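The values are calculated or read from the model by the stated rules, or taken from the named source; none is laboratory data. A quick note: this is a predicted structure, and the numbers were derived from the prediction, not measured. We place every Cβ from the backbone using ideal geometry, glycine too, and count neighbours over all the protein chains shown. What goes into the accessible areas is simple: the full protein's heavy atoms, side chains included, and nothing from ligands, DNA or RNA. Shrake-Rupley method; radii C 1.70, N 1.55, O 1.52, S 1.80 Å.
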Amino acid sequence: MQLEKYKIQQHNDDLLKIHERRLNFAVSEIENAEQIIQKLIDFQIAIPSWALGTGGTRFGRFSGGGEPRVLEEKIEDVGLLNALNQASGAISLHIPWDIPKDAKAIKALAAQHGLKFDAVNSNTFQDQPDQALTYKFGSLQNVDKAVRKQAIQHNIEVIKHGIELGSESLTVWLSDGSCFPGQLNFRKAFQNTLESLEEIYAALPHDWKMFVEYKAFEPNFYSMTVGDWGQSLLFAQKLGPKAYTLVDLGHHLPNANIEQIVALLLMEEKLGGFHFNDSKYGDDDLTAGAMKPYQLFLIFNELVEGMDARGMNHATDLGWMIDASHNVKDPLEDLLQSVEGIMVAYAQALAVDRKSLIEAQAVNDVVKAQEILQNAFRTDVRALVAEARLRAGGALNPLSLYRGLKVRENLIAERGLKTVATGL
Ligand code: RM4
Ligand code: MN
Ligand code: MN
């Protein structure tokens, strides 16, 4: 489905008056509003190719219809999102779920939609039909060298696909670990994993980054070999300057202080990127900002503070990506909501009165410090986010335009009701 520019224009014209009223109020309230708008225009969040279809759980999967059947259609979907919000200008591929057969053509198609290729992701947590050896007992950690070799080879192939598409990073998430005490020698598992990662690292082009993503539990329930930020950081430090830790918000034990983790990883110059999602219990992969918007804001507060302290470019120096799954919502609507939730948290973090916060911290004024943060969090920045979209050529209200244009109905008419996207 093609989204004509004039339709966005029409939608914006209809909403302009009310938007301007809200914007004027926001600008009168927020001192650095113009600066925030500029930063929001630059900020892009990559969309994972596996989040464009219905996710499902181990109990079932309820497809909503019109799901992208092939990579070309996934690119088309991300193109639609980006046309609506002008903030989803990249797609991240999971291989072998999405193998670009004709890389040149795929790259050209993405460019037509104004999209780039973000990190490529390897998959050694599932066995593929044509695969010689099983990952049942782990991949890069496996006690069998031949299995490790196979998993290393896969990662190197993923890098090759990424090079063809213009990606600049590889994300390695491993399900390696153990389900029962005694199953693994932790030290050997770590060392095997490190050696395997070293071989993959050696295959990275000079300007690439490797993101080592951690996860506390699932699918292994006793130990995960890259189970937390400490383990990921150890790997990243041992691997070298191209290796970084990737933080997926859903991959912590309950109540972990993620904002503190982020601050320290940034300090160590080892924070590489993010997988945004939200959760209540575990790796729920819910819409970013749907459950704990204050936590998301606090994370962005540390990101802004820490990146500014190191003179980093917010838009380009870390990898920003959504990693979510949708069981009961239209995936595209959910992704629009996630991007909005992320943008709002980022804008609020930019609105923090940093000078006063530093002063309050210096004299241990706990009440004042809390007031400053909560004041920013309680500021309605949605008009700034909408203004950034408007200036970038997107829609003032992407979700309402998506519904107004009956995008899903159109996709169902084009692709059919019973379509299944590759992914989990
Ligand atoms: C994992 C992890 C990875 C993602 C897979 C699909 O839990 O979040 O980033 O690649 O799921
Ligand atoms: Mn993830
Ligand atoms: Mn996950």
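In the range 254-279, the residue that is surrounded by the fewest Cβ atoms within 10 Å (Cβ to Cβ) out of those that are of a type in the set (A, V, I, L, M, F, W, C) and away from ligand 2 (no atom under 16 Å from the Cβ) is MET267. For the condition aliphatic (A, V, I, L, M) and under 19 Å from the mean Cα position of the chain (by Cα), LEU52 qualifies. When the range 32-90 is filtered for residues that are part of a loop (DSSP other than H, G, I, E, B) and among the charged types (D, E, K, R), the ones remaining, listed by number, are ARG58, ARG61, GLU67, ARG69.
Filtering the range 105-134 down to residues that are assigned to a loop (DSSP other than H, G, I, E, B) and touching a residue at least 40 places away in the same chain (Cβ under 8 Å), which residue is nearest to the chain's Cα centre (by Cα)? Only one residue tops the list, namely LEU115. For the range 184-207, check the following and say yes or no: at least one residue is farther than 24 Å from TYR281 by Cβ and within 15 Å of ligand 3 (Cβ to nearest atom). There is no residue in the range 184-207 that is farther than 24 Å from TYR281 by Cβ and within 15 Å of ligand 3 (Cβ to nearest atom).
When residues in the range 344-367 are screened for being closer than 16 Å to MET307 by Cα, open to solvent by less than 30 Å² (accessible area, probe 1.4 Å) and in a helix (DSSP H, G or I), 6 of them pass. Of the residues making up the range 109-167, those that are within 16 Å of ligand 3 (Cβ to nearest atom) and hydrophobic (A, V, I, L, M, F, W, C) are ALA119, PHE125.
All of (1) modelled with pLDDT of 95 or more; (2) crowded, with 22+ Cβ neighbours inside 10 Å; (3) part of a loop (DSSP other than H, G, I, E, B) hold for SER325 with one exception: (1). Residues in the range 303-322 that are more than 16 Å from ligand 2 (Cβ to nearest atom) and buried (at least 23 other Cβ atoms within 10 Å of the Cβ): LEU303 alone. Scanning the range 88-125 for residues that are over 16 Å from GLY273 (Cα atoms) and hydrophobic (A, V, I, L, M, F, W, C) turns up ILE95, TRP97, ILE99, ALA103, ALA105, ILE106, ALA108, LEU109, ALA110, ALA111, LEU115, PHE125. Residues in the range 37-82 that are buried (at least 24 other Cβ atoms within 10 Å of the Cβ), of a type in the set (Asp, Glu) and farther than 30 Å from HIS314 by Cβ: GLU67 only.
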